[in-house]
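Novice: Have a look at the structure that comes next, please.
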C-alpha cells in the first residue's frame, strides 16, 4: 500500500507544477499599481513590501492574510477614491474589501499579458 501512495504523489505534484510554470508568463506588480477593472491572481503577500506605514510589516501581513489576501486568490480593483485614488475597493474572490494603497503595496499580483 505505501508503494502505491509513493507512486501517486509525483503524479499529483506534476500537474500542480505545470500551471505554476505557465503562470510565470504574466506581469507581476503590486496591487497598489493595478489598473481598475483588470483582474489578477495574488502571488505573494509580504508586509515588508509596503514600506513605512501605520502598521509594522508583520502586523500588516497578518491582517491582510486574515482578510483573505492569500496566494491564489483572484483580485480586481473595482473603485478608487476621489482624492488621490485612495482608498481602493477590491473584489477579493467573492467579497469586497476597502484598502489603502500603501497597504495594497504589500500584495503582489500576477496579471495576464493579454490585458496590458
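Novice: Is it true that residue 85 is out of contact with any helix residue (DSSP H, G or I) (no Cβ under 6 Å at 6 or more places or on another chain), at pLDDT below 95, under 21 Å from residue 112 (Cα atoms) and assigned to a loop (DSSP other than H, G, I, E, B)?
Specialist: For residue 85, the condition - out of contact with any helix residue (DSSP H, G or I) (no Cβ under 6 Å at 6 or more places or on another chain), at pLDDT below 95, under 21 Å from residue 112 (Cα atoms) and assigned to a loop (DSSP other than H, G, I, E, B) - is not met.
Novice: Another question about this same structure. If you take the residues in the range 73-82 that are more than 14 Å from the chain's Cα centre (by Cα) and part of a loop (DSSP other than H, G, I, E, B), which one is surrounded by the fewest Cβ atoms within 10 Å (Cβ to Cβ)?
Specialist: Top of the filtered list is 82.
Novice: Only one of (1) in a helix (DSSP H, G or I); (2) closer than 24 Å to residue 27 by Cβ is not met by residue 69, so which one is it?
Specialist: Here residue 69 meets the rest and fails (1).
Novice: Assess whether residue 70 counts as being touching a strand residue (DSSP E or B) at 6+ places or on another chain (Cβ under 8 Å) and either more than 20 Å from residue 37 (Cβ to Cβ) or buried (at least 19 other Cβ atoms within 10 Å of the Cβ) (or both).
Specialist: Yes: the conditions hold for residue 70.
Novice: I would also like to ask the following. Can you pull out the residues in the range 88-116 that are farther than 14 Å from residue 41 by Cα, part of a loop (DSSP other than H, G, I, E, B) and at pLDDT below 90?
Specialist: 116, the sole residue that qualifies.
Novice: Right, next: Name the single residue that is modelled with the lowest pLDDT among those in the range 50-61 being farther than 23 Å from residue 79 by Cβ and either in contact with a strand residue (DSSP E or B) (Cβ under 8 Å, 6 or more places away or on another chain) or surrounded by fewer than 14 Cβ atoms within 10 Å (Cβ to Cβ) (or both).
Specialist: 52
Novice: Among the residues of the range 21-41, is any under 10 Å from residue 107 (Cβ atoms), out of contact with any helix residue (DSSP H, G or I) (no Cβ under 9 Å at 6 or more places or on another chain), outside any strand (DSSP E or B) and modelled with pLDDT of 90 or more?
Specialist: Taking every residue of the range 21-41 in turn, none turns out to be under 10 Å from residue 107 (Cβ atoms), out of contact with any helix residue (DSSP H, G or I) (no Cβ under 9 Å at 6 or more places or on another chain), outside any strand (DSSP E or B) and modelled with pLDDT of 90 or more.
The values are calculated or read from the model by the stated rules, or taken from the named source; none is laboratory data. The shown structure was predicted, so the numbers you read here are calculated from the model rather than taken from an experiment. Positions of Cβ are generated from backbone atoms using ideal geometry, with glycine treated the same way; all protein chains shown enter the neighbour counts.
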